[in-house]
1. Given the options Asp171, Asp176, name the one that is within 24 Å of Gln204 (Cα to Cα), within 16 Å of the ligand (Cβ to nearest atom), out of contact with any Cys (no Cβ under 6 Å at 6 or more places or on another chain) and touching a residue at least 12 places away in the same chain (Cβ under 8 Å).
2. All but one of (1) closer than 30 Å to Lys29 by Cα; (2) small (Gly, Ala, Ser); (3) surrounded by fewer than 16 Cβ atoms within 10 Å (Cβ to Cβ) hold for Ser128; state the number of the condition that does not hold.
3. Name the single residue, out of those in the stretch 203-233 being away from the ligand (no atom under 16 Å from the Cβ) and in a helix (DSSP H, G or I), that is least open to solvent (accessible area, probe 1.4 Å).
4. What residue, among those in the stretch 145-200 that are touching a His at 6+ places or on another chain (Cβ under 7 Å) and not basic (Lys, Arg), is surrounded by the fewest Cβ atoms within 10 Å (Cβ to Cβ)?
5. I'd like the full set of residues that are acidic (Asp, Glu) and open to solvent by 50 Å² or more (accessible area, probe 1.4 Å), limited to the stretch 35-94.
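The values are calculated or read from the model by the stated rules, or taken from the named source; none is laboratory data. If you're wondering where the values come from, they're calculated on a predicted model, not measured in any experiment. As a convention, Cβ positions derive from the backbone with ideal geometry for all residues, glycine included, and neighbour counts pool all protein chains shown. For accessibility, only protein heavy atoms count, side chains too; no ligands or nucleic acids. Shrake-Rupley method; radii C 1.70, N 1.55, O 1.52, S 1.80 Å.
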Amino acid sequence: MSRPARQSKGGDASRASIENSLLAALPCKDYQRLLAGLEPVTLTFGEVLYESGEKIRHVYFPGNALVSLLTLADGHLALEVGLIGREGMVGIPLVLGDKVSTVRALVQGTGTAMRMDAAHFRKEFRLSLPLQRELYRYTHSLMSQVSQTAACNRFHVVEMRLARWLLMTHDRVKSDEFHMTHEFLGHMLGVRRVGVTKAAQALQKLKLISYSRGDITILDRAGLEAAACRCYAVVRNMHDGAQIAAEHAMRTMAAPAGA
Ligand SMILES: [Zn+2]
């Protein structure tokens, strides 16, 4: 079940309640300085945070909100190439020195996030080495996700891709239930509604999920993992590996000399 939104204006007691794992991984001093420029917001299903070709005005650190990165073909056909939740940040072009996005950032799960003005973010990014390290690591992980998604969309059948997408969503929202329309799922998977219906029915028949009027419930997580293509595990393992390396680096830095 989804956890309630918890935001605090600071203090050590609030550290345990930081929903976004990039923010949670920062040393206290860096987090506190960043917090002064962060504003809690609610992101709403269907909201466009920025369009392809548009200047990025804010970065977002999702809590239980979910944001899709969509690439456009022929100006109107949208396909999901990346999914960002509590593990990441929306606005990665700013990390790489660009102010304009080449993809559309669309909210596909209503929820909490922390937002920061782009100019303020660039200043903080220059000042904080731990923030740079976290965001470079995350950028690499997002690039891996995007390239694996490209291969997945080309080579794997809709049913496996739907299972992968459900698992990725499940990991981020930390809830067994979420809402998603056929139309939206079609955009996520790059297929027509009828293709989504067939794939969802197949997973439902195997008792892995229940799906009614866009209300999805994960019934059998292990079964869903078995039904998904390998792409899910590939991206998750890359992410976990990077996470472990970052935590190790953080511990090494934090440990006093001779400890
Ligand atoms: Zn795949």
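1. Details: Asp176 fails: within 16 Å of the ligand (Cβ to nearest atom).
So the residue among Asp171, Asp176 that is within 24 Å of Gln204 (Cα to Cα), within 16 Å of the ligand (Cβ to nearest atom), out of contact with any Cys (no Cβ under 6 Å at 6 or more places or on another chain) and touching a residue at least 12 places away in the same chain (Cβ under 8 Å) is Asp171.
2. With (1) closer than 30 Å to Lys29 by Cα; (2) small (Gly, Ala, Ser); (3) surrounded by fewer than 16 Cβ atoms within 10 Å (Cβ to Cβ) applied to Ser128, the lone miss is (3).
3. Quick first cut of the stretch 203-233, residues away from the ligand (no atom under 16 Å from the Cβ) only: 204-223.
Now restrict to residues that are in a helix (DSSP H, G or I): 204-205, 221-223.
Working: Gln204: 68, Lys205: 173, Arg221: 60, Ala222: 72, Gly223: 18 Å².
My answer is Gly223.
4. At the first step, the residues of the stretch 145-200 found to be touching a His at 6+ places or on another chain (Cβ under 7 Å) are 193, 196-197.
Now drop any that are not not basic (Lys, Arg), which leaves 196-197.
Values: Val196: 23, Thr197: 15.
Ranking the qualifying residues of the stretch 145-200, first place goes to Thr197.
5. We begin by selecting, within the stretch 35-94, every residue acidic (Asp, Glu); these are 39, 47, 51, 54, 74, 80, 87.
Answer for the stretch 35-94, where residues must be acidic (Asp, Glu) and open to solvent by 50 Å² or more (accessible area, probe 1.4 Å): Glu39, Glu47, Glu51, Glu54, Asp74.
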